[in-house]
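Accompanying notes for the structure given below.
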Amino acid sequence: MSLREHGFALVALDPVPAVVAAGFSGPPGPAVRLRMSWTADDDWLFQSVPAAPPAASAPPYGVPYGGTDRRLAAGLSVLLRRALGGPWLDVHADRLIELHRVRTVAPAGETVPVRLPGPVPGACEFALVAVVARTGGGTGRSRLYGTGPRVPLAEADPGPGRGLLFDRRVVAYDGHELTAGPAGPAVQDLLVAHVLRPAGPQPALRRRPMLVRGPAGTLISTRPALR
């Protein structure tokens, strides 16, 4: 399935880092926000950004945020790099990514709706609903509808390590549910990402970072480069 052709696609995740899996075990935490930038050496860079809008005098896409757990942000970046790094995304503009962790429990033999946090109306360009883990032998179902009166576009059951990526400008409505088998309850952990353009205009000559990597490929520092 091609995202550009159909408005949706199934994507694969990298192995889920332990810090991301552990983030589902406690109470639902606040959304994690990352900035996704295409760098001068042709790679994606993910950086934490403020949870609240910055002051009007500061660029909304250029302020680092120290309140996000850096290990968690790094683990989420690993997953997003593969899932969102396709050729369908315009590299000439930054994106803001708002990430939510959603755990759903279905009692034995029952089907329950999966309630996802919604994006700001009209602001979200793309959405990713990815299955991080599923235990208890349950099955999931995701349905996408077009802009007409509930025109069905697709129905899928992404398993663990898979996700459904779709264009919010094409998909008007999406519904998700979890069904548990008769033997016991099912538990499902979803990572939900809303991909948005930064608020406000970006400068015509935008500075983009260049990665400086160490011998093991780890990020040491960044320096700006004109795009």
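The values are calculated or read from the model by the stated rules, or taken from the named source; none is laboratory data. Just so we're clear, the structure is a prediction, and the values are computed from it rather than from any experiment. All Cβ positions, glycine included, derive from the backbone under ideal geometry; neighbour counts span all protein chains shown. Heads up: the accessible areas ignore ligands, DNA and RNA and are worked out on the full protein's heavy atoms, side chains in. Shrake-Rupley method; radii C 1.70, N 1.55, O 1.52, S 1.80 Å.
Some values worked out for this structure:
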{"read-out": "Region 94-131, residues that are small (Gly, Ala, Ser), open to solvent by 10 Å² or more (accessible area, probe 1.4 Å) and in contact (Cβ under 8 Å) with a residue 60 or more places away in the chain", "value": "ALA108, GLY109, ALA123"}
{"read-out": "Search result, residues across region 132-152 that are in a strand (DSSP E or B), open to solvent by 70 Å² or more (accessible area, probe 1.4 Å) and of a type outside the set (Ser, Thr, Tyr)", "value": "ARG141, PRO152"}
{"read-out": "Residue in region 178-189 that is at pLDDT 90 or above, surrounded by 15 or more Cβ atoms within 10 Å (Cβ to Cβ) and under 16 Å from VAL11 (Cβ atoms) present", "value": "no"}
{"read-out": "Candidate set from region 197-210 (those that are surrounded by fewer than 18 Cβ atoms within 10 Å (Cβ to Cβ) and in contact with a strand residue (DSSP E or B) (Cβ under 9 Å, 6 or more places away or on another chain)); member that is modelled with the lowest pLDDT", "value": "LEU205"}
{"read-out": "Tally, over region 19-46, of residues that are without any contact (Cβ under 8 Å) to a residue 12 or more places away in the chain and in a helix (DSSP H, G or I)", "value": "1"}
